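Worksheet: one structure, shown below.
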Amino acid sequence: MKPTKENLLMTDWTGNSKSVFTCLGASNHALEDRQMDDYYATEPKAAKLLLEVEPKLNNIWECACGEGHLAEVFRKAGKLNLATDIVNRGYGDGVRDFLDKNIGCYTGDIVTNPPYKYAKEFVEKALEIVPDGCKVCMFLKILFLESKARKKLFEKYPPKVIYVSSSRINCAKNGDFPTYGSKALAYAWFVWEKGYKGETVVKWIN
């Protein structure tokens, strides 16, 4: 059966944003800590650049959508199917923990800037639930290439292309670009195609 928004989302949600952590067994995380530590909104330019180099992306699930900085670009391009986040920040189709073990298959492309401390888990989960031929695109620090654990990930699932941003796209803590926007770190779009076993190509984008 083809998955729909209805069987991917929590239905009949009546709690507030803070209640999400109780439902997920994460009561040791205050809402403020979660936002400060994990929510770094991405400059919409990143989504526009990705669509320029990957124009065939379609039926996109933006699974850490935040306030919609990336998802809204995909929506306007007619590419977005689903936008969710673990915290309700006023955008998207509902509250959902992407790493929930009960999430089944998704027949489309998955594109997001994941919370960095769970980035490896997001990649693995996305590649687990999409069928062969679908793409998983993650906006990540170039430092993601480091570490022995991630080396094993790349050996098992080699990215098809890594698009390095030559202009250092802006990411802002809590989505507050005027206060926290910084271009001190270099980012790239890591693009996997489910089933791909070839060499990884590195390209540069603006």
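The values are calculated or read from the model by the stated rules, or taken from the named source; none is laboratory data. The shown structure was predicted, so the numbers you read here are calculated from the model rather than taken from an experiment. FYI the Cβ positions are ideal-geometry reconstructions off the backbone, even for glycines, and counts take in every protein chain you see.
List of remarks:
- Residue identified as outside any loop (DSSP other than H, G, I, E, B), in contact with a Cys (Cβ under 6 Å, 6 or more places away or on another chain) and of a type in the set (A, V, I, L, M, F, W, C) among Val73, Val111, Val136, Val123: Val111
- Condition check for Tyr187: of a type outside the set (A, V, I, L, M, F, W, C), within 23 Å of Ile60 (Cα to Cα) and either modelled with pLDDT under 95 or touching a helix residue (DSSP H, G or I) at 6+ places or on another chain (Cβ under 8 Å) (or both): yes
- Remark: pairs (first residue in segment 192-206, under 13 Å from Phe154 (Cα atoms); second residue of a type in the set (Lys, Arg) and outside any loop (DSSP other than H, G, I, E, B); Cβ separation under 9 Å; 6+ apart in sequence or on different chains) = Trp192/Lys135; Glu193/Lys135; Lys194/Lys135.
- Total residues in segment 159-184, condition assigned to a strand (DSSP E or B), buried (at least 18 other Cβ atoms within 10 Å of the Cβ) and modelled with pLDDT under 90: 3
- Boolean, Asn88 is in contact (Cβ under 8 Å) with a residue 12 or more places away in the chain, over 15 Å from the mean Cα position of the chain (by Cα) and in a loop (DSSP other than H, G, I, E, B): yes
- Qualifying positions in segment 53-85 - touching a residue at least 40 places away in the same chain (Cβ under 8 Å) and more than 21 Å from Phe122 (Cα to Cα): Val53
- Restricting segment 89-109 to residues that are at pLDDT 95 or above and closer than 16 Å to Thr42 by Cα leaves a set whose member that is surrounded by the fewest Cβ atoms within 10 Å (Cβ to Cβ) is Tyr91.
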